[in-house]
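Trainee: Below is the structure I would like to discuss, written out as structure tokens.
What follows draws every value from the coordinates through simple rules; no lab data is involved. The structure displayed is predicted, hence computed values, not measured ones. Methodologically, a virtual Cβ is constructed for each residue, glycine included, from the backbone with ideal geometry; neighbour enumeration extends over all protein chains shown.
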Amino acid sequence: MIRIGLIGCGGMGHSHRVAIQKLQGRAQFTAAVDLDLQRARDAADAMGCSRAATDYRQVYDAIDAAILAVPHHLHHPIGMDLLRHGKHLLMEKPLANSEAECLALIQAAQSANLILMVAYCMRFHPIVVEMERLLKARTYGDLFQLSIWTEQHTQGEPGSWMHSKETLGGGQLFSHGCHYIDILLAWMGQPIAGTHIGTNLGTPWMEGEGTSNVTLRFANGALGYHFGTWGAKGTRLQYSFHAHCTQGMLEGQISQGRLLLHQGAQEAERGHERLLFETDLGKHVENELMHFVECLEHGRRPLTDGLRSLQSLRVIWKLYEAEAQGMVADLRAIGNKRS
């Protein structure tokens, strides 16, 4: 039985403790940690464990691994401490706020032969998994355009760490868009050029961008696009993927749990629509947690390990840099180091 500690019992912490119910007999939560002791106690009660604390160092004896769900600027210092004490780590995204911090975490895990996985939960969503299977098999021909939309309203309390570029690590693209840059790289290969345009118009609580548009060009000529906003006061697309292939278009309606195939469209006409796949609604964080536990059980490299996840952050940092200079980002040195 793998003993897991939950460090940070807020929003994402709640998702993880619900997911553990799928792993009965293989893993269990044995400790809950939060600066708010009552919240830690509530989480411990919900998970059926007796240890609750305000300091993660108080539960080292009770855990083999940790899920770290704390503000981004704390990922590196707490993560390094956990790794130094021999604890496997599932780090909430993004891995850390700088490349140097990311590399330090990766190297610490490698040196100690520990599992370091980044919580890119969308990679394990059933709709995303099925889309990837169909695209990699070229079931509907070659993928030439992948568009991803995420429309949501995300606003913390006044003074929240989520509003600050320093503690968040950037803006909406860095904090949330990293999920989708990761998917673009995983599905489409090496990026060669890209642009980012962001704004906090409509999200005045954000120091960095609250809305962003990313366009990427890949080595094979295919294009990728991501639109994300934390300012949506209404939404039509919600979370949607459109994969245009040479023999049809796959539409992943993530928020509706449906995967559709569109074919036969002529100019000014609707194409034929066919339901390919359905799944339950939700984030399906349990699939991510199951993968983490399987990697611990068998000593396997996680699908979203530190090195692979760092590449998506490198793309974002290059896009930010080019945006500040009013240039197109040269990404040719990025995306070929994921293996």
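Trainee: Which cross-chain or sequence-distant (5 or more) residues have an amide H under 5 Å from the amide H of A27, H modelled 1.01 Å from N in plane?
Mentor: I2
Trainee: Using the 10 angstrom Cβ neighbour count as an exposure proxy, how do Y56, Y140 rank, fewest first? If you can, show how the numbers build up before the last one.
Mentor: On the way: Y56 23, Y140 19.
With the sparsest Cβ surroundings first, the list reads Y140, Y56.
Trainee: At 7 Å along Cα-to-Cβ for each site, give me the label-to-label distance between L260 and R300 in nm.
Mentor: 3.4 nm
Trainee: Which of H291, H72 comes first, and how do the rest follow, when ranked by fewest Cβ neighbours within 10 Å?
Mentor: Going from least to most buried by this count: H291, H72.
Trainee: Mind listing the long-range amide H neighbours of A52? Cut-off is under 5 Å, sequence gap 5 or more, other chains count too, H placed in the peptide plane at 1.01 Å from N.
Mentor: Hits under the 5 Å cutoff: A32.
Trainee: Given that compact globular proteins tend to follow 2.2 N^0.38 Å, what is the ratio of the alpha-carbon Rg of the stretch 131-176 to that value?
Mentor: Working: Rg = 17.3 Å, N = 46, 2.2 N^0.38 = 9.4 Å.
Relative to the 2.2 N^0.38 Å estimate, the stretch 131-176 comes out at 1.83.
Trainee: Round to the nearest 10 and give me the degree value, 0 to 90, for the angle of helix 285-298's Cα axis relative to the longest principal axis of the chain.
Mentor: 60 degrees
Trainee: Name the lysines eligible as straight-distance cross-link partners of K165: C-alpha to C-alpha under 25 Å, and not fewer than 8 places from it in the same chain.
Mentor: By straight Cα distance, K165 reaches K93, K233, K318.
Trainee: Once both axes come from the Cα atoms, what is the angle between helix 306-325 and the longest principal axis of the chain, in degrees from 0 to 90, rounded to 10?
Mentor: That helix lies at roughly 60 degrees to the long axis.
Trainee: Running a GNM on the chain with Cα contacts under 10 Å, which residue among A265, A219, A193 ends up with the highest mean-square fluctuation?
Mentor: Answer for the Gaussian network model of the chain: A265.
Trainee: So, with +1 on the Cβ of K and R and -1 on the Cβ of D and E, and no other charges, what is the size of the charge dipole of the chain about its Cα centre, to the nearest 20 debye? Before the final figure, lay out the partial values.
Mentor: Details: 31 positive and 34 negative charges, 133 e Å.
So the magnitude is around 640 debye.
Trainee: Which angle between 0 and 90 degrees, to the nearest 10, do you get for helix 99-111 versus the longest principal axis of the chain when only C-alpha atoms count?
Mentor: 60 degrees
Trainee: Suppose the chain between L37 and D81 were pulled fully straight at 0.36 nm per residue; how much longer would it get relative to their current alpha carbon spacing?
Mentor: On the way: separation 44, 0.36 × 44 = 15.84 nm, distance 2.09 nm.
Once the chain is fully extended between L37 and D81, it gains 13.7 nm.
Trainee: Determine, for Y320, Y120, the number of other Cβ atoms within 10 Å of each Cβ, and report the residues in order from fewest to most.
Mentor: By the 10 Å Cβ count, ascending, the order reads Y320, Y120.
Trainee: Something else: Run through the DSSP bridge list for the chain and note the antiparallel percent, rounded to the nearest 5. Don't skip to the end; give the middle numbers.
Mentor: Numbers: 43 of 71 bridges.
Expressed as a percentage, antiparallel bridges in the chain total about 60.
Trainee: Tally Lys and Arg at +1 and Asp and Glu at -1 over the other residues with C-beta under 11 Å from the C-beta of T54: what net charge comes out? Please report the intermediate quantities before stating the final value.
Mentor: Values: positive: R39, R41, R57; negative: D34, D36, D55.
Computed value for this residue: 0.
Trainee: Oh, and also: Would the stretch 188-339 count as rounded, prolate or oblate if I go by the C-alpha gyration tensor, calling it rounded below 1.5 in a/c and otherwise prolate when a/b exceeds b/c, oblate otherwise?
Mentor: Numbers: a/c = 1.35, a/b = 1.07, b/c = 1.26.
Rounded, since a/c falls under 1.5.
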